[in-house]
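First the structure, in the form of structure tokens, and then the observations on it.
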């Protein structure tokens, strides 16, 4: 099974987190051999959707920020411990939350033109 982020900069928001969680559910339930997270865009992921985070912070909606971050961390741990192997295929920018996704995979295939950092 392949997961591809399709947001601006392949940024990670609630929809991406839900998609990863649902993919794990399907892969485990239906006996898939593994999950590959990657894409054909210019970059793997620029990390969390900071525009949404900034808007929530300006609105002092800190509970929603915490809810997203805690939920995202739970999904990352689920990736790490699920019953099917999860592999990241990175290229371009692999920043922040994109790096977190990659390091919680069982394996990573990184293009020579991957720029990785927090």
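Condition check for residue 60 on (1) at negative phi; (2) surrounded by fewer than 16 Cβ atoms within 10 Å (Cβ to Cβ): one failure, at (1).
This table checks each residue for (1) in a loop (DSSP other than H, G, I, E, B); (2) under 23 Å from residue 32 (Cα atoms); (3) touching a residue at least 40 places away in the same chain (Cβ under 8 Å); (4) touching a helix residue (DSSP H, G or I) at 6+ places or on another chain (Cβ under 7 Å).
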site	(1), (2), (3), (4)
76	no, yes, no, yes
80	no, yes, no, no
84	yes, yes, yes, yes
88	no, yes, yes, yes
91	no, no, yes, no
102	no, yes, yes, no
108	no, yes, no, yes
111	no, no, no, no
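When residues in segment 27-38 are screened for being surrounded by 16 or more Cβ atoms within 10 Å (Cβ to Cβ) and without any contact (Cβ under 8 Å) to a residue 40 or more places away in the chain, 0 of them pass. Each residue in segment 44-67 was checked for being touching a strand residue (DSSP E or B) at 6+ places or on another chain (Cβ under 7 Å) and either in a strand (DSSP E or B) or farther than 16 Å from residue 13 by Cα (or both), and 2 pass.
With respect to residue 36, determine if the residue is over 19 Å from residue 118 (Cβ atoms), assigned to a strand (DSSP E or B) and within 16 Å of the chain's Cα centre (by Cα). Yes; evaluated as a whole, the condition is true for this residue.
Of all the criteria given as (1) surrounded by fewer than 17 Cβ atoms within 10 Å (Cβ to Cβ); (2) over 22 Å from residue 1 (Cβ atoms), the one not satisfied by residue 47 is (1). Going by the structure shown, is residue 9 under 16 Å from residue 96 (Cβ atoms), assigned to a helix (DSSP H, G or I) and without any contact (Cβ under 8 Å) to a residue 24 or more places away in the chain? It is false that residue 9 is under 16 Å from residue 96 (Cβ atoms), assigned to a helix (DSSP H, G or I) and without any contact (Cβ under 8 Å) to a residue 24 or more places away in the chain. As a summary of the residue check, residue 80 satisfies the conditions (1) surrounded by fewer than 13 Cβ atoms within 10 Å (Cβ to Cβ); (2) at positive phi except for the one numbered (2). In the set 103, 12, 24, 16, only one residue is modelled with pLDDT of 95 or more and either crowded, with 20+ Cβ neighbours inside 10 Å or touching a strand residue (DSSP E or B) at 6+ places or on another chain (Cβ under 7 Å) (or both); that residue is 24. Among the residues of segment 72-85, those that are under 15 Å from residue 12 (Cβ atoms) and in contact with a strand residue (DSSP E or B) (Cβ under 9 Å, 6 or more places away or on another chain) comprise 72, 79.
The values are calculated or read from the model by the stated rules, or taken from the named source; none is laboratory data. The structure presented is a predicted model; accordingly, all values stated were derived computationally and were not measured. Because the Cβ atoms are built from the backbone with ideal geometry, glycine has one as well, and the counts that use them run over all protein chains shown.
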